[in-house]
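The values are calculated or read from the model by the stated rules, or taken from the named source; none is laboratory data. Given the structure is predicted, the values throughout are model-derived calculations rather than measurements. A quick note on method: Cβ atoms are made from the backbone with ideal geometry, for glycine too, and the neighbour counts reach across all protein chains shown. Only protein heavy atoms, including side chains, enter the accessible area calculation; ligands, DNA and RNA are left aside. Shrake-Rupley method; radii C 1.70, N 1.55, O 1.52, S 1.80 Å.
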Amino acid sequence: MAEALLALCDVRVQHGSSTVLRLHFAVHVGEVVVVIGPNGAGKSTLLRVMGLLQRPSSGSVYFHGEQATAKNSLAMRRHMASVFQEPLLLDGTVYDNAALGLKLRGFRRDEIERELRPWLKRLGIDHLAERRARTLSGGEAQRTSLVRGLVLDPSLLLLDEPFAALDAPTRETLLLDLREILAETGITAVMVTHDLKEAAALGQRIGVLHRGELLQLGPQLEVFRRPVNEAAASIVGMETRIAAVAERTEGQITTMRFNGGSANVTGDFPAGAQVTLCIRPEDIRISRHGDGKSCAKSDVHIKTKIARIAPSIAEYRISLRADCGCLTALVSKPSFDGLSLREGDEALASFSPDAIHGI
Amino acid sequence: MELIGQGIVKAIELVFGGDSEVWAITWLSLKISGTATLISLLWGIPLGIALALSRFPGRAIAVALVNTGMGLPPVVVGLFISILFWRSGPVGFLELIYTPSAMIIAQVVIALPIVAGVTMAAFQSLDPNLALQLIGIGASKRQALWLLCKEARLPLLAAVMAGFGAVISEVGASMMVGGNIRGQTRVLTTATVLETGKGNFDAAIALGLILLALCFALNLFLSHVQQRGQLKWPRLS
């Protein structure tokens, strides 16, 4: 792995007697890390500490291997840029606002024009350049705020839920724009969000933040499929969690018994261990009883009753009740329509043993 | 009615007839109140910003003091400044009583809390995260503070208007610490009181009108600056 661009060592942030943040964390040159966590997990505090906007109660921050101090933090901050959920723009034109960071760094007027114009075009707000910033829509304001940061060519771009306040179509196009820009420029970026879709779209590595602690940090697939504990499983959207007991292990396969069935799960668990089996909702399929759809022999089948159907445009989220607990399945609208199921109906939930992660 | 009519005629005569004493009084009023406002801005704006942005023990008391100061009766200010500067008073040796300097000091005491209070309100109306965002794109503390001031410039102009308006029109303190000495400490307000007392209503009305015109001209200018480029409010029906 490349050198650590920014590292938080033993960082702790206290508010009075409560600990808001307590972690080790390092970002490497060229990567995009997304930290996910529920509200109040300490995401914004994490970004403020990383951006040297807030001094931690204890521990230290290293940028390019050098420890941040009161003296050198301004110089360090000038190699970073932060973009926030609410873009607070100054009273002035879009151009003035986008140019602000360059102005603060003492760029000349012609240099600003040369640097800024391509970015205004890239983010599609060049035609708004002379508009007053206060008359912009939320999406346009956030684009201005992104230009304001990106034009600085930062070594580190910090994004604090930049899409959270936008409407869905705006959010999606801006997310894809940002994804392309990060890939093109290779800018190192850290984004915090509570939105799994955004994390999946941007993050090469994903961090899971819970009550100020980093539960897990790793490649996207690993974090989304192999959470380290139940709190992490809940944050990464592994909604189905079944309590089971390990019976016997053969090779790397352990047979798990749960109320109403059993499953062979990859992993070495001691016999008699209490294990939680986690399954992602999109991995669970639903069929009517006994219509024996073509599914692999090794699949796990659980008899369930449909407790709740949450309809949406493309996919339905279905809560199922079984002897072993509650399951959640995400079913595409066409296949759900084909089943014509209603709340209270009996249904068979099936999933591949590979989809199970035991913790 | 006749009185007012005569007063207006007399006022026009005084102003445009080149009565040098009226002009001297007007000029002195502007000089004293202008200087006092300037000093109040120099001290009051930083004080207001400090009260708005910082947290320290006793801040609530300081804010309450400033807010009380915003409504300080000029007569009371005049009384205390007089006691201080009286020849036998604690700082009597400065020999400032009945001088324009003493009037400036009294007017600063009146205007400073007004400027500080309005400045504090102006800064508190800004989004608290604005400073953070400015620093987040590389502003130094000084740059961030300057940008915040620029952002709050409209309400800060209100501080100028309120401060100047309060001191140009006050009479109690000027009378007590200035003494209304002809050619030395006689200003528009004290002269108006004097002329009214003497029964010269036309002269009093003339002085009053000059004072009003002065306030109006200044506020017209500042309002123009303040309202320029303001976003239009939607019509509320």
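Against the definition (modelled with pLDDT under 95, open to solvent by 30 Å² or more (accessible area, probe 1.4 Å) and of a type in the set (Gly, Ala, Ser)), how does A:Gly16 come out, yes or no?
Criteria met by A:Gly16.
Check off (1) touching a residue at least 60 places away in the same chain (Cβ under 8 Å); (2) in contact with a Phe, Trp or Tyr (Cβ under 9 Å, 6 or more places away or on another chain) for A:Ile318 and give me the number that stays unchecked.
Checking A:Ile318 against (1) touching a residue at least 60 places away in the same chain (Cβ under 8 Å); (2) in contact with a Phe, Trp or Tyr (Cβ under 9 Å, 6 or more places away or on another chain), the one that fails is (1).
Filter the range A:104-121 for residues that are surrounded by fewer than 19 Cβ atoms within 10 Å (Cβ to Cβ) and under 21 Å from A:Glu140 (Cα atoms); which is nearest to the other protein chains (Cβ to nearest Cβ)?
Here is the first cut: in the range A:104-121, the ones surrounded by fewer than 19 Cβ atoms within 10 Å (Cβ to Cβ) are A:105-111, A:113-115, A:117-118, A:121.
With under 21 Å from A:Glu140 (Cα atoms) added as a condition, the list becomes A:113, A:115, A:117-118, A:121.
Values: A:Glu113: 18, A:Glu115: 14, A:Arg117: 18, A:Pro118: 18, A:Lys121: 20 Å.
Among those that are surrounded by fewer than 19 Cβ atoms within 10 Å (Cβ to Cβ) and under 21 Å from A:Glu140 (Cα atoms), it is A:Glu115.
Run down B:Leu42, B:Leu79 and say which single residue is open to solvent by 40 Å² or more (accessible area, probe 1.4 Å), in a helix (DSSP H, G or I) and without any contact (Cβ under 8 Å) to a residue 60 or more places away in the chain. Don't jump to the end; show me each part of the working.
Working: B:Leu79 fails: without any contact (Cβ under 8 Å) to a residue 60 or more places away in the chain.
Testing whether each residue is open to solvent by 40 Å² or more (accessible area, probe 1.4 Å), in a helix (DSSP H, G or I) and without any contact (Cβ under 8 Å) to a residue 60 or more places away in the chain leaves just B:Leu42.
Yes/no per residue for (1) assigned to a helix (DSSP H, G or I); (2) at pLDDT 95 or above; (3) open to solvent by 70 Å² or more (accessible area, probe 1.4 Å):
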position: B:Phe56; (1), (2), (3): no, no, yes
position: B:Ala62; (1), (2), (3): yes, no, no
position: B:Asn67; (1), (2), (3): yes, no, yes
position: B:Leu84; (1), (2), (3): yes, no, yes
position: B:Pro90; (1), (2), (3): no, no, yes
position: B:Phe93; (1), (2), (3): yes, no, yes
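With respect to A:Gly51, is the statement that it is open to solvent by less than 10 Å² (accessible area, probe 1.4 Å), of a type outside the set (A, V, I, L, M, F, W, C) and either in contact with a Leu (Cβ under 8 Å, 6 or more places away or on another chain) or within 13 Å of chain B (Cβ to nearest Cβ) (or both) true?
Here the answer is yes, as A:Gly51 does meet what is asked.
Please verify whether the range B:103-117 includes one or more residues that are at pLDDT below 95, closer than 22 Å to B:Leu214 by Cα and in contact with a Ser or Thr (Cβ under 7 Å, 6 or more places away or on another chain).
Scanning the range B:103-117, I find no residue that is at pLDDT below 95, closer than 22 Å to B:Leu214 by Cα and in contact with a Ser or Thr (Cβ under 7 Å, 6 or more places away or on another chain), so the answer is no.
Does A:Val83 satisfy the criteria of being crowded, with 18+ Cβ neighbours inside 10 Å, more than 12 Å from chain B (Cβ to nearest Cβ) and hydrophobic (A, V, I, L, M, F, W, C)?
no
When only residues in the range A:55-75 that are within 14 Å of another protein chain (Cβ to nearest Cβ) and surrounded by fewer than 22 Cβ atoms within 10 Å (Cβ to Cβ) count, which is nearest to the chain's Cα centre (by Cα)? Outline the logic, then answer.
Our first condition is that a residue be within 14 Å of another protein chain (Cβ to nearest Cβ); within the range A:55-75, this holds for A:55, A:63, A:68, A:70-75.
Keeping just the survivors that are surrounded by fewer than 22 Cβ atoms within 10 Å (Cβ to Cβ) gives A:55, A:68, A:70-75.
Numbers: A:Arg55: 25, A:Ala68: 27, A:Ala70: 31, A:Lys71: 34, A:Asn72: 31, A:Ser73: 28, A:Leu74: 29, A:Ala75: 30 Å.
Going through the qualifying residues, I end up with A:Arg55.
Between A:Gly251, A:Gly218, A:Gly261, A:Gly186, which is farther than 27 Å from A:Val147 by Cβ and in the same structural domain as A:Trp119 (by the TED database)?
Numbers: A:Gly251 fails: in the same structural domain as A:Trp119 (by the TED database); A:Gly261 fails: in the same structural domain as A:Trp119 (by the TED database); A:Gly186 fails: farther than 27 Å from A:Val147 by Cβ.
Only one candidate passes the filter, namely A:Gly218.
Tell me, which residue of the range B:18-29 that is of a type outside the set (Ser, Thr, Tyr) and open to solvent by 60 Å² or more (accessible area, probe 1.4 Å) is farthest from B:Leu157 (Cα to Cα)?
Our first condition is that a residue be of a type outside the set (Ser, Thr, Tyr); within the range B:18-29, this holds for B:18-19, B:21-25, B:27-28.
Now restrict to residues that are open to solvent by 60 Å² or more (accessible area, probe 1.4 Å): B:21, B:23, B:27.
Working: B:Glu21: 32, B:Trp23: 27, B:Trp27: 23 Å.
The residue in question is B:Glu21.
Under the condition of being among the hydroxyl-bearing types (Ser, Thr, Tyr) and under 30 Å from A:Thr249 (Cβ atoms), which residue from the range A:313-359 is nearest to the chain's Cα centre (by Cα)?
Taking the candidates together, the pick is A:Thr328.
Touching a residue at least 60 places away in the same chain (Cβ under 8 Å), within 14 Å of another protein chain (Cβ to nearest Cβ), in a helix (DSSP H, G or I) and buried (at least 17 other Cβ atoms within 10 Å of the Cβ), is that true of B:Leu112?
So B:Leu112 fails the test.
For the range A:130-142, name all the residues that are polar (S, T, N, Q) and part of a helix (DSSP H, G or I).
The answer is A:Thr135, A:Gln142.
Among the candidates A:Ala307, A:Ala329, A:Ala347, which residue alone is surrounded by 14 or more Cβ atoms within 10 Å (Cβ to Cβ), under 18 Å from A:Ala233 (Cβ atoms) and in the same structural domain as A:Val245 (by the TED database)?
A:Ala329
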